[in-house]
Structure formats: C-alpha cells, structure tokens
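*Asks:* Before I ask anything, here is the structure I am working with.
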Amino acid sequence: MMRMFRLFKKKEMAHSQKVEAAYRRYNADERKSFFPEGLHQADIIVRSLAKVYGVSLDALDENGYYDILTSYTEAIIRKVIPESDDAVIVRGFQVRHGSLVRTIEMARRAFTYTMLNRMDRSFAIESEEDMLFLCKAAQSEHEKTSKKQGSMFGSGYCFEGPLEHAIYGKLYGTDDEFICWNSGNQYREQYRKGFRLVEEEKYEEAIEAYRASLEFNPIGISARFEICECFIRLKDFYSAKETLYAMTPYLLEPKHLAKFYRRLGYIEVEQGNDLCAASCFAYSKNFEQNPGTDQELQYIFERTGVRPSQMIGDPTVYLERYHIPVLKERKLSEL
C-alpha cells in the first residue's frame, strides 16, 4: 500500500521548473514588458530577491516563486504607471508581501534591486559583496529623502538615473562610504545651459558648462558625449577622442557603446582615416542598429569606391591596429 502511495505522490519540482511555472503565469505581453530577457531574467530576479528576503528557495513551491516575481512586477507597475512616490512603493512591499518582506530594510533593498535590475537586466545578487553593495545603495536611497544624513553619507551627487548612481557606487564607493543620490537638479541646469550655448555656436563656453555639470554628476554620460561633440565642431579631434576614452569605464549599456563607436567613426571620417572609420561604424552595429550608421558607411564607400565589407572584414582587427579599445557589453556586477 505504501509503495502505491509513493507511486502516486506528486514529484517535487526542480528550481528551473518552478521558475518557468511562475514565469508562465504572466501573459505574453506582460512577460515582454517585465522580463525583456525572458526566462533567464526571471531566474536572476527570483534568486536575487530570495537572498534579499532571506528565504530558502528549496522551501518554496511554485506559488512562492510567483510571489517573489509579483513583488518585483508590482513595484514596476506602481513606479511607471501612477508614478507613485518611492516611499509609498517601499511600504507596499511590506503591505502586500508581508510573509516575504518582514522588515522595512528588506523592502528598501527589494525596491532598490528592482530599479537596478530594470536598468541592467542581468544585475544579480550572487555574492556577499553584491549584497553589501545593495545594502549601501538602499540606505543611500533612503538617506537622499531623509532630513538626517548619516555619517557615512558625507556627500552626494545629482545622478541622471539609478544606473549612473550604481556605477559610481561600484567604482568609487568604499566599505565606509557610499555616495548619496541627491534630489536636486543642478546637473540638468548646467547641462541645459551647455545645450543653449551649443545652439548659439559658443562651443568653448558650452564645454565649460558641461564640465561644470560633471561637478554635480561625475558620471554624466550625456554631458560627456556633448563635450565630445563640441570638440568635434571645434575641429579639436584629439580632445574629442580623449573625452570619449575617459568615459569608457562608465559604458555598460548597448546604446552608449554604439554611440561611443559612432562618435569615433565621425572623428576618423573628419581626419580622412576611412578604414578606421568604417571599422568603428561597423563595430557599433553589434550594439545598436542606427540608420545613421549605414549612411556613414555608404558615404565612405562613395569616397573610396570600396565596399565596407571588402574594406574591413572583422572590424576588431582594425580597431586593435589603430589602438582603439574593443569594448563589450558588461554587467553592473562585473565592475
């Protein structure tokens, strides 16, 4: 009789099966919106938030996995659609998922993780170092809206988004300090000033305004690209390249990597280095398809009479030949 009972006993699901079952509860449009990287991203989220919540995945069934994913997706919905205040969203983690989110600290960390993963879909909590970083980032998020500043948060910047804040924390944060993300808009004010000066063709003054914006946001990817553009218009190609190379530690997203190589391509075109320019434009297509890229390659073809495919072959060979860094998309955790 016991043997027959064991035969009909439901087999316990493996981790991958539980992730997939929870993931499939969302319809196709929801999956595309919440998990652009598909099942792999859902797996990362489940593993990471389980660490944040301090729960063992072995003790959870499919429903428990779905609860974890729901805590993630509900935060995104409340952030994007009604644009709820961050503090309200944090408190919502506890209200709706109290069995998982037992403390307000857990809620802050879960919200911070959600926003970081939304910007960098491969961001995962895999080690004690990752968890320490998340704890600091979550505390910094709390401190930026708190009237009291803790001793470990002696300074702050006006980052353009959570990914820039996280990049700065990864590269320059220490065990004793994590830089705050202030709520002011000084960075954008200086950036807009630079933009107005560009429209007036006052490029040198614009560069000074953009550089001033970096005092409020030392990552400032947008401002750095604009500084490069100003140098290109001034025909100072050495400074334009120097500006681009200085920002390479901050380039994680495909759109920024593609823009980096397109800007290098423009510079090489201006300097008459057609082979190098074609390589830059061709390599940029690994990260983003942009109509301007094909137009520039066509322009080079018309100037040289040689098709880009015949000219460059593997673009990385020529990038290395011309001492141009061969950058690749990276995860935030790889910094």
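The values are calculated or read from the model by the stated rules, or taken from the named source; none is laboratory data. The shown structure was predicted, so the numbers you read here are calculated from the model rather than taken from an experiment. Here Cβ is always computed from backbone atoms with ideal geometry, including for glycine, and neighbour counts include all displayed protein chains.
*Asks:* Working only within region 316-332, note down all residues that are in a loop (DSSP other than H, G, I, E, B) and under 17 Å from Arg262 (Cα atoms).
*Replies:* If we filter region 316-332 for residues that are in a loop (DSSP other than H, G, I, E, B), which is where we start, we get 322-331.
Across region 316-332, the qualifying residues are Tyr322, His323, Ile324, Pro325, Val326, Leu327, Lys328, Glu329.
*Asks:* Counting only residues that are in a loop (DSSP other than H, G, I, E, B) and among the hydroxyl-bearing types (Ser, Thr, Tyr), which one in region 78-119 is farthest from the chain's Cα centre (by Cα)?
*Replies:* Among those that are in a loop (DSSP other than H, G, I, E, B) and among the hydroxyl-bearing types (Ser, Thr, Tyr), it is Ser99.
*Asks:* On to the next question. Let me spell it out: the conditions are (1) at pLDDT below 85; (2) more than 16 Å from Tyr53 (Cα to Cα), and Glu164 meets all of them except one. Which number is the exception?
*Replies:* For Glu164, the exception is condition (1).
*Asks:* Here is a further query. Of the residues Val90, Val55, Val80, Val95, which is buried (at least 20 other Cβ atoms within 10 Å of the Cβ) and among the hydrophobic types (A, V, I, L, M, F, W, C)? Quick ask: steps written out before the conclusion?
*Replies:* Working: Val55 fails: buried (at least 20 other Cβ atoms within 10 Å of the Cβ); Val80 fails: buried (at least 20 other Cβ atoms within 10 Å of the Cβ); Val95 fails: buried (at least 20 other Cβ atoms within 10 Å of the Cβ).
Just a single option satisfies the conditions, and that option is Val90.
*Asks:* Oh, and also: Return the residues of region 167-186 that are modelled with pLDDT of 80 or more and surrounded by fewer than 19 Cβ atoms within 10 Å (Cβ to Cβ); say none if nothing qualifies.
*Replies:* Lys170, Leu171, Tyr172, Asn185, Gln186
*Asks:* What residue, of Ser122, Ser48, is part of a helix (DSSP H, G or I) and hydroxyl-bearing (Ser, Thr, Tyr)?
*Replies:* Ser48
*Asks:* Still on this structure, I have one more. Which one of Ala75, Ala137 is outside the structural domain of Asn27 (by TED's automatic domain parsing), under 23 Å from Cys180 (Cα atoms), small (Gly, Ala, Ser) and within 25 Å of the chain's Cα centre (by Cα)? Full working, then the answer.
*Replies:* Working: Ala75 fails: outside the structural domain of Asn27 (by TED's automatic domain parsing).
Ala137 is the lone residue from the list that is outside the structural domain of Asn27 (by TED's automatic domain parsing), under 23 Å from Cys180 (Cα atoms), small (Gly, Ala, Ser) and within 25 Å of the chain's Cα centre (by Cα).
*Asks:* Answer yes if at least one residue in region 123-137 is of a type in the set (Lys, Arg), touching a helix residue (DSSP H, G or I) at 6+ places or on another chain (Cβ under 6 Å) and surrounded by 17 or more Cβ atoms within 10 Å (Cβ to Cβ), and no otherwise.
*Replies:* Checking region 123-137: not a single residue is of a type in the set (Lys, Arg), touching a helix residue (DSSP H, G or I) at 6+ places or on another chain (Cβ under 6 Å) and surrounded by 17 or more Cβ atoms within 10 Å (Cβ to Cβ).
*Asks:* Turning to a different aspect of this structure: For region 233-315, give me every one of the helices (runs of 4 or more DSSP H) that falls completely inside it and has 3 or more residues that are surrounded by 14 or more Cβ atoms within 10 Å (Cβ to Cβ) and in contact (Cβ under 8 Å) with a residue 60 or more places away in the chain.
*Replies:* Once the helices (runs of 4 or more DSSP H) in region 233-315 are filtered for at least 3 residues that are surrounded by 14 or more Cβ atoms within 10 Å (Cβ to Cβ) and in contact (Cβ under 8 Å) with a residue 60 or more places away in the chain, what remains is 254-270.
*Asks:* Out of (1) buried (at least 17 other Cβ atoms within 10 Å of the Cβ); (2) farther than 26 Å from Ala138 by Cα, what's the single condition that is false for Glu189?
*Replies:* (1)
*Asks:* If you don't mind, there's one more thing I want to ask. Quick one: how many residues across region 252-282 are touching a Leu at 6+ places or on another chain (Cβ under 7 Å) and modelled with pLDDT of 95 or more?
*Replies:* Qualifying residue count for the region: 4.
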